[in-house]
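These notes are about the structure you will find just below.
Values in this text are rule-based calculations from the coordinates and carry no lab data. Small disclaimer: the values here were computed from a predicted structure and weren't measured. In this analysis, Cβ positions are derived from the backbone assuming ideal geometry, glycine residues included, and neighbour counts consider all displayed protein chains.
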């Protein structure tokens with residue numbers, strides 16, 4: 001994954017991030033609640049804070065986004081979205097493994113939530129995350145920190 005890197009998002013990434021979100025999440029949101037394009041875009045633009053995102057690059061081209069909340073009790077993967085044409089190439093798995101290493105170094109768990117209809121749950125399970133709770137729409141998943149003693 002030498003050709004994959006991250007850079008901080010800026011205000012100028014808003015349109016890319018909206019198109020990415022729409023391309024990666026529309027079907028799952030539609031199955032869960034119903035996707036109304038204008039409403040979803042309004043919500044996305046209203047909540048957009050560039051400092052919360054990193055842009056995933058492959059050979060300098062923007063191909064995805066990552067948003068991670070890191071506090072003293074856990075590393076929480078809020079968003080990982082990779083453009084459909086770059087999915088199933090191991091990029092997401094590589095990024096999540098890096099987050100596992102980060103969580104292990106801090107001796108905290110890695111957590112995320114995933115829509116119940118999203119098949120990415122299988123990837124998360126293969127990477128060591130287990131379901132620890134659920135809502136009507138989401139699974140909460142956790143990978144405990146590795147024991148480094």
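Largest GNM mean-square fluctuation across 136, 13, 69, computed for the chain with C-alpha springs under 10 Å, falls on 136. As a calculated quantity, the FRET efficiency between residue 57 and residue 134 at R0 = 41 Å, using C-beta atoms, amounts to about 0.75. With springs only between Cα atoms under 10 Å, which of 102, 31, 113 fluctuates most in a Gaussian network model of the chain? The residue with the greatest mean-square fluctuation here is 31. Extension gain for residue 22-residue 10 works out to 2.4 nm (0.36 nm per residue, less the C-alpha to C-alpha distance).
Both radii are taken from the alpha-carbon atoms of segment 1-74; with Rh as the Kirkwood radius, Rg/Rh is 1.01. Each of 58, 94 was scored by other Cβ atoms within 10 Å of its Cβ. Listed from fewest to most, they are 94, 58. Ordering 75, 108 from the fewest to the most neighbouring beta carbons within 10 Å gives 108, 75. With contributions of -39500 (n - 2.57) from each DSSP H run of at least four residues, the per-residue ellipticity at 222 nm computed over the chain stands at -11500 deg cm²/dmol. Computing Rg and Dmax of the Cα atoms in Å for the structure here picks out one of [x] 14.8, 47; [y] 23.7, 75; [z] 15.3, 52, namely [z]. If R0 is taken as 22 Å, the Cβ-Cβ distance between residue 87 and residue 125 corresponds to a FRET efficiency of 0.80.
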